[in-house]
Each structure stands twice: as structure tokens, then as C-alpha cells.
Number of protein chains: 2
Amino acid sequence: MGKVALVERLTDGTACQGDDCAVIDGTGNRLTLINTQTLVEGVNFDMTYTPLKHLGYKAVAVAISNIAAMNGTPHQVLVSVAVSNRYSVEALDELYAGIRLCCERYHADLVGGETGTSRAGMVLTVTAVGDVERDCVAYRHGASHNDLICCTGDLGSAYAGLLVLEREKVTYQANPDFQPDLDGYDYVLERFLKPEPRLDIVKKLATAAVVPTSMIDVSRGLADALLHLCRASHCGCEVYEEHLPIDYQTSRVCSEMSKNMLPVSCALNGGEDYELLFTVNQKDYDKIKDMEGVHIIGYATEEHMPTVMVTPQNTTITLRAQAFQGLEE
Amino acid sequence: MGKVALVERLTDGTACQGDDCAVIDGTGNRLTLINTQTLVEGVNFDMTYTPLKHLGYKAVAVAISNIAAMNGTPHQVLVSVAVSNRYSVEALDELYAGIRLCCERYHADLVGGETGTSRAGMVLTVTAVGDVERDCVAYRHGASHNDLICCTGDLGSAYAGLLVLEREKVTYQANPDFQPDLDGYDYVLERFLKPEPRLDIVKKLATAAVVPTSMIDVSRGLADALLHLCRASHCGCEVYEEHLPIDYQTSRVCSEMSKNMLPVSCALNGGEDYELLFTVNQKDYDKIKDMEGVHIIGYATEEHMPTVMVTPQNTTITLRAQAFQGLEE
């Protein structure tokens, strides 16, 4: 039983399932959105190469990204940190400096902070609360046949950053006198260590009066995001490899690593990009075709059609999620 | 630097600090309350003697207790579980059965569930969302000189339950053929494994038109709760040992363990009772003196006065928090 099936089985009958946030429907014109993220040391982050300030920033950014992924705006952030005694007060100051910086940048109030103990490394829990106009909320379901599939920013660069960090870590462990050489990798490193939630795109869409028919954030690779979105929307899709936005630094890192590592694999299966993947009705084509930071990468197909990528050689590749297999046998 | 000082330093400048929930002030007559609890295996719970259904129930109960501790009512619950492969699907079904049971009992909708991977045992994060009328919210601050100090239920019994479980665990580890004998300990075991948030008291107070001047839940022992409440309210207090509600089973467990273990120590420093500690104005004395489940245990004293317990022999003991020293050097 895979992860998707398991979550669906466990959360069967809950008021809302499988979207990036819990949606609370009050009485007014706006829906409340809540997302909780728990990051566990050694699983979700590696202290060897994660500066604490970046970790704090990223933890908040990830929770806010889930608010953005429902076309919402964040308002409050709650943080709870469990640490062992090996963390100094100065270390926690650094962590909270990053937490505060991200809250300020995205105009969210830090309304709660709690610190407890852990024997199992650091456990960092961030809850983001936001809202969205009832008529503008974007779920994972909602994409229809012929809707345009769009993504923001570029894909695979966060994974390229991780590859660089892992390479330097291995070299360092073999020879502790070695000084990591991270020059020239600024962009991919920042993408991995300090992602930015795409609230700018949420604003641009609102300004252009475009309501996405469906939306999700790309946290576990494009393939995983497309599969979730198509599954929830009961549609298939075709995306075009040549339209996938991939930064030249990502390509450079791939070619350094191995001749068999393709940049498109990083985009499809890399994860941690925190870009937005969304669909819009064809009638909105003119409004989004020149929107900065938005790329049209394909379109939704009919029910029962597969989720595929078309290569420049016109080969069709059926996509499978590879990023998250934790609960697979 | 102790835990209290550390949390205050880290959360300095946040919109709300040190209460049981984050308080979000919207536009209406009601305040939104949010509390997030993270439970880490090996730190907050021991799988040796924690049935998964009870664990799920307790995780939700603890988050809801924090909503109750601000005189609020829960409405939604979000759960996120990170587990390693050694947990079967059936085990997670059990966990969720407990989660659902507690949500149903306290009329909270389970609006979000997420399952991820962990290499460090189970990490369980529960976020409870509730609300409270603006005029009825109870913070930790707000107690004034001569206010009556009240607590609910009985104290120390959860800790007595933990002592029994730890005793049986040690015996079992020494001799795996040994069958744990838990007969006659039903009450203290249930108190530890399956605590109930005191929403019944929140309702009774509302029915009696009593708004507590301050409130907190007793999660780390009475001493810790009194110290937090007095510190936030800038007052001292006197509580009377003979008025502390202690169940006979708690006393029995203590006498079995050691002749030096006093039931009052369990009440003061035991923790995990999840009862409510609150203060009311003297004018409300008639309304609460016969309220079932509520005990008047003392009164608040003036600023700069100490937090003390008076023994039946009329000795005054200054209280210190002993329960939570995780971040102390």
C-alpha cells in the first residue's frame, strides 16, 4: 500500500482531504486555511550543511507555500521547537532569527512559539494560518480537459543544490581539512536552503483576475505534483519537456555529477522547489501568456488519459512519482 | 538559562506569548484559538506501554485541553504523523481510530491528516483550532489579589499511572515471561493513557456566568502551573495542602512505591493531569463553591509575594517547578 492510498484510507471521512491546507469554512466571505509542517532532523534536514537561520526561514517558507498553493494569503505563524541540550541558546537565537525574517517578509505575524525537549535531534513544527476569498480558492481538484498547465520559476534547482551540498559533505567527511568550495553555486544552494513561497504569483493572478482551476505546490518534484493534481481532478495531462523551465546552473550541476544525470530528471523527481503548479481555463490564455515567472508547460487531457511528458523527439513518457516512497513496502 | 526565560527571549516581540494557545483577533465577536502539540516517541511517549489508539486519543486530548485552558471550545483538529517503516498499516489504523474517537467526543472536525516518514520513531503533530467569545477569553495573566484559586478533578493520578507502567516495564524487561499485573490500577492508568480535556468545566462556568480571571491547564504539575499563572499575573499565591484533590488510588500507588514518596509531590510535580487551574473573583464564590469537579484550593496574594503551599501543620513551603527542566544546564 503506497503513501497516497494510506493517507486516503486514514483520513477517509475527514471534512477535507488531500489538499495543501485544511480549509475551514466560517460564515463570512473568506475561507480560513491552515497548514502544519513538521521537520525532523536527519529526515527533513541535515545539520551538517543547514545553517540554523536558513532552517528557520525554510520551515516557515514551506508552511506559507502551502497557503499560497490554495491561492491564499498567510496571516499568522505558530512555531514549536523541540531540541536536545546540545543546542545552545545562541543556536536557537539563530533559528528564531530566520523564523522571524520569513514571517516579516511575507507579512505574517508570529503569534506563538514554544520550546520543548527532544532526545532525537531537532523537531521543528510550523503552523501557518491564512485565508482566501471563497470564490478564489484553488484545490487540487478542479482541472478540466484542455485547461492550460502552468508552473512558476524553475524546477530541479533545489535538488541540484542538495546534490552539491551532499558532494561537499562526502569530501569533507573523507578529509576534514578540506574546505568546501561552493563558489559559483549560489543560485542552486539558495534554492535548496532558502526557498521562497510564490505569494508574488498569487498576487499577480489576483491582479489579472485569473482564478486557477486547480493548484498545488511542487514540493516533491513535478511528476508527483502532476500526478496528485490529475488524480484529484480526474483527468490526464500532456506536458512538454522543452517547455519545462530549467536553470542553466541546474544543467551544469547535473553534467558535473554524471553523464547519466539529466536535468529533466531533477525537475521531475527532485523535490523541494516550492514552486506552484496550476491550471487555468483556455480563456485566460492572454492574461497569463506574458506573466513574469509563469510558464505554460502543457494541458490537461480527458478522464482516463495518462499523465505524460512529450520529449522533443516526440516520444511520450508516462510519469511516475519517485520522490516519496517512504511508506511503500 | 531556564526554559521559561529562553522561550520568553525567543518569542519576544511576537504578537502573543506564553499562553496555552495563539490568539487570533479577527473582526467579529469571537477570538480564534490555535494550539499545536508535537509528541516525539521516546520523549513524550513510550511505545512499550502506550497502545496506539490511546496515543492518538491523548494527542488530540492534549491539544484540545489547551483550547479549554483559554476558556474556549474546539472546532477543528489537524493531524500530521511521521513514522518509520516498522509501523504497519494496521498500527496506523489504530492510531487514527483514537484520533477520530477523541475528535468525535469533543465535537471537533478532523479537517486535515498527513502522513510522512521518520527515521527517529514516531512524531505526531496535532493542531487544534477553536474559538471563544471576546469577553470570556481567559489568559494566564489576569489574576488579582484575593481571587480564589480553583482546580478541577484530581491531581497526581496521571503520574501515579506512569509510575505503575514504569514499574511493570522494568519487571517485564528483567523477565519477559512476566505478565504485567495492572488490576486495581484502572483509574490511574486511564488518567495517564487517556486524559480527558475539561471542556465540561468550560461549559459549566459559562452556564453559571463565571468568567475566570486567569486560567492554565495543569500539564506539568500544579507547582509549574501556579508559577506560570502567578508570574503572568504579577501576583503571589497561597494554596492549602489539605484542599488539594488527590485520589485514594494515587495515595495507594505512592505508598507502594516508597515510604518517601508523598502523594502531594505527585500533585505538585507529576504532570500530565490536563486538569484546569483557574482564578475567579471572590464575588463568584457562591457560583462555584458547589460546582461539581471544581475545588477551591487557595487564593492569590499581592504582587511580590511568593508562590506558596501551606501544610496542615501550618508550615509554608515555597513552590518551585521541577517537572520540566529539559533546557536547564
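There is at least one residue in region B:10-25 that is surrounded by 16 or more Cβ atoms within 10 Å (Cβ to Cβ), at pLDDT below 80, part of a helix (DSSP H, G or I) and not assigned by TED's automatic domain parsing to the domain that holds residue B:125.
Quick one: is residue B:76 closer than 19 Å to residue B:132 by Cβ, facing another protein chain (nearest Cβ under 7 Å) and buried (at least 16 other Cβ atoms within 10 Å of the Cβ)? Yes, satisfied.
Looking only at residues in region A:252-287 that are more than 27 Å from residue A:59 (Cα to Cα) and among the hydroxyl-bearing types (Ser, Thr, Tyr), the one that is modelled with the highest pLDDT is A:285. For the subset of region A:81-126 comprising residues that are surrounded by 22 or more Cβ atoms within 10 Å (Cβ to Cβ) and polar (S, T, N, Q), which member is nearest to residue B:35 (Cα to Cα)? Result: A:125.
Number of residues in region B:116-169 that are of a type in the set (A, V, I, L, M), more than 29 Å from residue B:84 (Cα to Cα) and within 17 Å of the chain's Cα centre (by Cα) equals 4. Does residue A:64 count as surrounded by 16 or more Cβ atoms within 10 Å (Cβ to Cβ), out of contact with any His (no Cβ under 9 Å at 6 or more places or on another chain) and either facing chain B (nearest Cβ under 8 Å) or modelled with pLDDT under 75 (or both)? The answer is no for residue A:64.
So if I check each of B:104, B:90, which one is under 23 Å from residue B:152 (Cβ atoms) and more than 9 Å from chain A (Cβ to nearest Cβ)? Give the derivation first.
On the way: B:90 fails: under 23 Å from residue B:152 (Cβ atoms).
Sole residue among the options that is under 23 Å from residue B:152 (Cβ atoms) and more than 9 Å from chain A (Cβ to nearest Cβ): B:104.
Taking region A:135-209 and the helices (runs of 4 or more DSSP H) fully enclosed by it, the elements with 1 or more residues that are at pLDDT below 95 and of a type in the set (Asp, Glu) are at A:157-174, A:186-193.
Scanning region A:103-134 for residues that are over 20 Å from residue B:44 (Cα atoms), outside any strand (DSSP E or B) and in contact with a strand residue (DSSP E or B) (Cβ under 8 Å, 6 or more places away or on another chain) yields a total of 5. Within region B:87-100, residues that are hydrophobic (A, V, I, L, M, F, W, C) reach partners that are surrounded by fewer than 19 Cβ atoms within 10 Å (Cβ to Cβ) and at pLDDT below 95 with beta carbons closer than 8 Å, at six or more positions or on different chains, in the pairs B:89/A:1; B:89/A:6; B:89/A:9; B:92/A:6.
Can you give me the number of residues within region B:228-270 that are within 18 Å of the chain's Cα centre (by Cα), assigned to a loop (DSSP other than H, G, I, E, B) and surrounded by fewer than 17 Cβ atoms within 10 Å (Cβ to Cβ)? So the count comes out to 0. Being under 21 Å from residue A:205 (Cα atoms) and among the hydrophobic types (A, V, I, L, M, F, W, C) holds for only one residue in A:164, A:123, A:129, A:89, and it is A:129.
Pairs meeting the criteria (first residue in region A:167-194 and closer than 15 Å to residue A:157 by Cβ, second residue charged (D, E, K, R) and part of a helix (DSSP H, G or I), beta carbons under 7 Å, at least 6 apart or on different chains) are A:182/A:168; A:193/A:58; A:194/A:58.
Screening residue A:3 with (1) closer than 19 Å to residue B:40 by Cβ; (2) modelled with pLDDT under 90; (3) in contact with a strand residue (DSSP E or B) (Cβ under 9 Å, 6 or more places away or on another chain); (4) of a type outside the set (Ser, Thr, Tyr) gives one miss only, at (1).
The values are calculated or read from the model by the stated rules, or taken from the named source; none is laboratory data. Computed from a predicted model, the values in this text were never measured in an experiment. Note that we place each Cβ from the backbone using ideal geometry, even for glycine, and neighbour counts take in every protein chain shown.
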